[in-house]
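Quick note: the coordinates plus some simple rules give every number you see, no bench work behind them. Please read these numbers as outputs of a predicted model, since none were measured by experiment. With ideal geometry, Cβ positions are generated from the backbone for all residues, glycine too; neighbour counts draw on all protein chains shown.
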Protein chains: 2
Amino acid sequence: MPSATVENYVKKILVLSLETSEGQVGMGEIAKGLDVAAGTATSMIKTLEREKLVRYKSRQGVTLTAKGRKLGMDMLRRHRLVETFLVETLGLDWTEVHQEAEELEHAISDKVLDRLDEFLGRPEFDPHGDPIPTKDGKFAERRIRNLLECQSKQPCTIKLLTDQSTDFLNFARRKGLVPGTAVEVTNRDLISDAVELGVGKGKPFTLGSKAAKKILVSS
Amino acid sequence: MPSATVENYVKKILVLSLETSEGQVGMGEIAKGLDVAAGTATSMIKTLEREKLVRYKSRQGVTLTAKGRKLGMDMLRRHRLVETFLVETLGLDWTEVHQEAEELEHAISDKVLDRLDEFLGRPEFDPHGDPIPTKDGKFAERRIRNLLECQSKQPCTIKLLTDQSTDFLNFARRKGLVPGTAVEVTNRDLISDAVELGVGKGKPFTLGSKAAKKILVSS
DNA sequence: GACGAGACTTTGACTAATCAAAACCAAATC
DNA sequence: GATTTGGTTTTGATTAGTCAAAGTCTCGTC
Ligand SMILES: [Mn+2]
Ligand SMILES: [Mn+2]
Ligand SMILES: [Mn+2]
Ligand SMILES: [Mn+2]
C-alpha cells in the first residue's frame, strides 16, 4: 500500500494538474506545493514512476497515469469527506479543518470512509465548496468560486470571506461585502489585475486580484 | 512531538504494566506485543529513555516515567474514544474497530478528540468494556470482564462472545451461553485451569480457561 | 562452582524520506 | 555563437525504524 508520503505527492500532482489544464506538472510546483527541497521532489517522482503512478519526462514534467489519477481522486475524496465531517458533525470551523484532514486522510480505511460518507448523507461538496469525488472518481463542478474565477455579468451571492483579519473584515463591511449580499462582476481587467464589482444599486468599484480572491461567492 | 512509533511503544508499555501490577515490563513482552524483533525493542527503548518517557534497567525491564504514563494514558484515551465513535456513530462491529483505531489514534488532534468526546457524550467505557481515561488520566474500573476475571459467586450477565467462529457459537448456544443470560461462577480451580459455571437453575458445568476467557460478562 | 537455556543486547546492514550544495541543462539575452 | 540565469538533477549525508545474526548475561540445575 502507498505510504502517506506517496499519497500526498499524488494528490498534489492531481490538484496541480487540474489547475493547469494541460495535465503536465513541473517539478518546481510540486516541490513548492509540498514544501520540500527540489531534489527531494525529483527523487520521489522517480519512485512514483517506478510504482507506475506517474509518467516523467526529465526537465519537462510529470503526468499522472490512470492508476495515479485513481489514487489521487481517492485521496481527494478522503480529504474532503473528512473535512465535511469535521465541520458538519463536530462543528469545527471551515478555516481550520484542512490541516486536520491532511493527517486523517491517510489513517482512515475504505470501510470507515464509506460509513462516514453514508453517515453524512453522501455530500457532494466539502465545506470549501470543492466537489467530493465519488468512489469511482466522478466529479461535480466547483460550487463556490472566488471573485476572480466567476464569470462577468453573472449575479451571485457572497458566501464567505477567506481572510478573517480585522482589517480585511472592516474593509469588507465598509464596502457592503458581507455574506448574503448580491454582487456582480461588471468588468474584469487582466492587465491591471483588477475586478470591477457592482454591489446592489451602488456604483461599481474596483478590487485588486488579491482581495478579489478572498471573497467567495456562489451563483 | 512523538512519532506514531513512540506512541505505540508507550501505550503498549502502559497496558502491559497495568496488567502486571508491579509496573515493570520485560523487553520480551514489548517486542512480542508490538510484533518487532527483540533488538528493535531494545534500541527503541533507549530512544524512549532519552526522551525521558521510561526508566530502563538493562536486562531487568522498563517502567514509565510520569511523562510516559501521561502520554500512554492519552493514547489509551484516543484509542478508546475512536473505537467508541466507530461503533456508536458509524455502526461498525466491535470486533473490527481495534485495527482502525490503531491508525486513527495517531492522526487525530487534541481539538478534534475533544469535540469527538463531547459529541459522544463523554463516554466512560469503550465498546470492549474498557474504561476511557479522562483528559487528566483518570480511570474507571473495567466494566466488562471475562469469566476468568470475574469473582466467584457473583451473579452476572453475558454480554459478548469473543470467539465468533461457528463451532464456538454452536457450543455456546447448546450450553445456553448467549448474551443476556444470567450466569454465576460457582467455583474456580486454578490448578485444573477451569471454571465451574451455573447457568440459570440448571446444574453447574465446567469450562476450560481458554473458553472462559472468550465469554464476557458484566455484573 | 560449572553448565546450559533462554532472555536480552549489540552489531552491521537496509529502506524511506529528507536536505544542502554541487553539477547540469535549456532557453533567453547579448 | 557565447553567456547568463533559473530551474532541475545528482551527489553525499542524515535520521527513524527495522531485521538477522552474533554476542553476552543471568539463573536454575546439576
Ligand atoms: Mn496528507
Ligand atoms: Mn476542502
Ligand atoms: Mn497505533
Ligand atoms: Mn477497546
Problem set entry | Restraint check, A:46/A:210; A:32/B:46; B:12/B:210; A:135/A:210, Cα-Cα greater than 25 Å | A:46/A:210; A:32/B:46; A:135/A:210
For this session: Along Cα-to-Cβ, 7 Å out, sits the label point; list in nm, shortest first, how far the one on residue A:70 is from those in the other copies.
Result: 4.7
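What are the equivalent ellipsoid semi-axes of the protein assembly as shown, built from the alpha-carbon gyration tensor (square roots of five times its eigenvalues), in whole angstrom, biggest first? Please report the intermediate quantities before stating the final value.
On the way: eigenvalues 565, 143, 91 Å².
After scaling each eigenvalue by five and taking roots: 53, 27, 21 Å.
Rounded if a/c is under 1.5, else prolate if a/b beats b/c, else oblate: with a ≥ b ≥ c from the C-alpha gyration tensor eigenvalues square-rooted, which is the stretch A:145-218?
Numbers: a/c = 1.43, a/b = 1.21, b/c = 1.18.
Verdict is rounded for the stretch A:145-218.
Measure up A:52/A:138; A:111/B:214; B:153/B:203 against 20 Å on the Cα-Cα distance and list the ones that go over.
Numbers: A:52/A:138 22 Å; A:111/B:214 26 Å; B:153/B:203 15 Å.
Among A:52/A:138; A:111/B:214; B:153/B:203, the Cα-Cα distance tops 20 Å for A:52/A:138; A:111/B:214.
Once Rh for the stretch A:73-141 is found with the Kirkwood sum over Cα pairs, what is the Stokes-Einstein diffusion coefficient at 20 °C and 1.002 mPa s, in µm²/s?
Details: Rh = 11.7 Å.
Rounded to a whole number, D works out at 184 µm²/s.
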Exercise. Mind checking the mean number of beta-carbon atoms from other chains within 10 Å of the Cβ atoms in A:109-119?
Worked result: 3
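When only Cα pairs under 8 Å and 6 or more residues apart are kept, what is the percent relative contact order across chain A?
Details: 320 pairs, mean separation 31.1, N = 219.
Answer for chain A is 14 percent.
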For this session: Of the options A:106, B:156, B:63, report the single residue whose Cα projects farthest towards the positive end of the charge dipole of the protein assembly as shown (beta-carbon charges: Lys, Arg +1; Asp, Glu -1).
Result: B:63
Exercise. Looking at B:40, B:15, B:5, which one has the Cα that reaches farthest to the positive end of the dipole of the stretch B:4-64 (charges on Cβ: Lys, Arg +1; Asp, Glu -1)?
Worked result: B:40
For this session: Quick one: check the C-alpha center-to-center distance for the stretch B:21-36 versus the stretch B:1-18, whole angstrom.
Result: 11
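Give me the net charge of residue A:56's neighbourhood, meaning all other residues with Cβ under 12 Å from the Cβ of residue A:56; Lys, Arg count +1, Asp, Glu -1.
+4
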For this session: Within the set of other residues whose C-beta is less than 13 Å from the C-beta of residue A:153, count the net charge using Lys and Arg as +1 and Asp and Glu as -1.
Result: -1
Problem set entry | Rg/Rh for the stretch B:16-124, where both radii come from Cα atoms and Rh is the Kirkwood radius | 1.03
Exercise. Expressed as cubic angstrom per residue, what is the convex hull volume of the alpha carbon set of the stretch B:4-64?
Worked result: 68
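Given a cut-off of 25 Å, what percent of all Cα-Cα pairs of chain B lie beyond it? Kindly include the intermediate steps, with their values, before the conclusion.
Numbers: 11742 of 23871 pairs.
Tail fraction, whole percent: 49.
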For this session: Let me know the charge dipole size of the stretch A:4-64 about its Cα centre in debye, to the nearest 20, where only the beta-carbon of Lys, Arg (+1) and Asp, Glu (-1) is charged.
Result: 220
For this session: Only Lys, Arg, Asp and Glu count, each charged at its Cβ (+1, +1, -1, -1), so figure out the dipole size of the stretch B:73-141 about its Cα centre, rounded to 20 debye.
Result: 300
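Mind checking the dipole of the protein assembly as shown: about its Cα centre, +1 per Lys or Arg Cβ, -1 per Asp or Glu Cβ, Debye to the nearest 20? Intermediate values should be presented prior to the final figure.
Details: 68 positive and 64 negative charges, 52 e Å.
It works out to roughly 260 debye.
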